[in-house]
């Protein structure tokens, strides 16, 4: 049997299409409660305390901002937080905001175990509510004026983050 005959008799293209549609449907459902990513929502400038005790101001800048919300007990967060290291920091401010934690020591242990190399900010219930966080990790990309232009929830590979940030 030649390849052309095999492909005609094979159902794998249909199966792939069905799989892609199922994944797309799941992702759409998963992200349904996140903030709109059409630029209609602008985040107000705000101050955060960094894990090291310094202040960090989230405010308009000359770069886009990728915000990664995580919880220190989240195993998916632990596997994916290092993937943020591929994001071009010449074009993006990359910040990690801890939520749903019991203590600063818990976040410090998480950061050490996950070998986090970037800024970690301490968030709280107001941030969780303001950004409609219902699961971890949750990502938002803000433009230079802090308008939400991209959103996602769940594990993202280094390649996925590279593609998302290169296309904006």
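Can residue 156 be described as assigned to a loop (DSSP other than H, G, I, E, B), at pLDDT below 95 and farther than 25 Å from residue 45 by Cα? Yes; evaluated as a whole, the condition is true for this residue. Just one of (1) assigned to a helix (DSSP H, G or I); (2) at pLDDT below 95; (3) closer than 20 Å to residue 110 by Cα fails for residue 52. It is (1).
Residues in segment 72-98 that are crowded, with 21+ Cβ neighbours inside 10 Å and assigned to a loop (DSSP other than H, G, I, E, B): 72, 87. The residue that is nearest to residue 71 (Cα to Cα), counting only those in segment 100-140 that are free of Cβ contacts under 8 Å to residues at least 60 places away in the same chain and touching a strand residue (DSSP E or B) at 6+ places or on another chain (Cβ under 6 Å), is 107.
From 107, 149, 133, which residue is under 28 Å from residue 53 (Cβ atoms) and either assigned to a strand (DSSP E or B) or under 12 Å from the mean Cα position of the chain (by Cα) (or both)?
133
The values are calculated or read from the model by the stated rules, or taken from the named source; none is laboratory data. Predicted, not measured: the structure shown is a model, and the values here were computed from it. Positions of Cβ are generated from backbone atoms using ideal geometry, with glycine treated the same way; all protein chains shown enter the neighbour counts.
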